[in-house]
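Notes follow the structure.
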Amino acid sequence: MNKLNVFSIPLSTGPYAQFVTTIIDAAAAKRSEYVCLANVHMLVEAYRNKDFAAVVRNANTITPDGKPLGWALRLLYGIKQDRVAGIDLTQDLLKAASHKNIPVYFYGGTEDVLVKATALFTIQYPGLQLAGTYSPPFRMLTSQEEDAIVQRINSSGAGLVFVILGCPKQERWMASMQGRINAVCVGIGAALPVMIGEYKRAPAWVRNAGLEWFFRLALEPKRLFKRYLVTNSLFLYLLAKACIRKMFYRVA
């Protein structure tokens, strides 16, 4: 897939269907890769932390999840990029995996979320091969525990591992597992709780307007106000700076 830099992060570009095909083909071959679903929060975190930026850049696929990233690609490169939303991508990957007999594994989240998700998905996606689930303890794992998890996932036969740890923890975990887990890891963050109905998803018109962040803020103002105030402001500053630089070089 083609990649274009936005704030030094090489976002993968192309039709939405190509993302699904690329990931599924790698999962069928059990290639040790990982996929980052990039939004404003991830790009700003990468800008502020060089170590995390390296983690994101090393991903095989970096999807333009948030609508504002599509705007950035259009302003900076003049392309109209399909949004690759985490919930939509997860649903289509599960559907494709069930059709192609690719076992899937869920790593992260609470035990309650995993139980509800697996019960729902076995109904929604007949034929889906559930290789296993694991809810890790809320602490740093020992090297022995990590080795046991690697063996557990590899022995399950999974070709696709959905990681539910939240950004940036899940991206760091996936990077540390590259070359160890024989499967494609996809960091889906909060997508799973939304899919099982624990959180509401913004209406389509809100998502299309790029206001999904505002919808989430209205639901969880205390937790998200500071994060969105900082990240959204910094994103707009960086985008404006990049646009001005582009205009300057064009004139020069």
For THR90, state whether it is without any contact (Cβ under 8 Å) to a residue 60 or more places away in the chain, of a type in the set (Val, Ile, Thr) and assigned by TED's automatic domain parsing to the domain that holds LEU192.
no
Checked pairs for segment 55-81, first in contact (Cβ under 8 Å) with a residue 12 or more places away in the chain and on the phi < 0 side of the Ramachandran plot, second acidic (Asp, Glu) and in a helix (DSSP H, G or I), C-beta under 8 Å and 6 or more apart or across chains, list as VAL55/GLU171; VAL56/GLU171; ALA59/GLU171; GLY66/GLU212; LYS67/GLU212
For segment 32-51, which residues satisfy the criterion of being under 22 Å from PHE19 (Cβ atoms) and part of a helix (DSSP H, G or I)?
VAL40, HIS41, MET42, LEU43, GLU45, ALA46
Sole residue being farther than 17 Å from ALA27 by Cβ and assigned by TED's automatic domain parsing to the domain that holds VAL20, chosen from MET174, MET140:
MET140
Only listed residue being part of a loop (DSSP other than H, G, I, E, B) and either of a type in the set (Lys, Arg) or outside the structural domain of LEU93 (by TED's automatic domain parsing) (or both), chosen from GLY166, GLY197, GLY210
GLY210
Among the residues of segment 33-43, is any surrounded by fewer than 21 Cβ atoms within 10 Å (Cβ to Cβ), at pLDDT 95 or above, outside the structural domain of LYS241 (by TED's automatic domain parsing) and not small (Gly, Ala, Ser)?
no
Where in segment 56-158 are the helices (runs of 4 or more DSSP H), entirely inside, with at least 2 residues that are more than 20 Å from the chain's Cα centre (by Cα) and of a type in the set (A, V, I, L, M, F, W, C)?
67-77, 111-124, 143-156
How do the pairs read when you match residues in segment 141-162 that are touching a residue at least 60 places away in the same chain (Cβ under 8 Å) with residues anywhere that are part of a helix (DSSP H, G or I), using Cβ under 7 Å and keeping only pairs 6 or more apart or on different chains?
GLY159/ALA27; GLY159/ALA28; LEU160/ALA27; LEU160/LEU93; LEU160/ALA97; PHE162/THR90
All but one of (1) small (Gly, Ala, Ser); (2) farther than 20 Å from THR63 by Cβ; (3) modelled with pLDDT under 85; (4) not in a helix (DSSP H, G or I) hold for ALA218; state the number of the condition that does not hold.
(4)
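The values are calculated or read from the model by the stated rules, or taken from the named source; none is laboratory data. Computed from a prediction, not measured in an experiment: that's the story for all the values here. For neighbour counting, all protein chains shown are included, and Cβ atoms are generated from backbone atoms with ideal geometry for every residue, glycine included.
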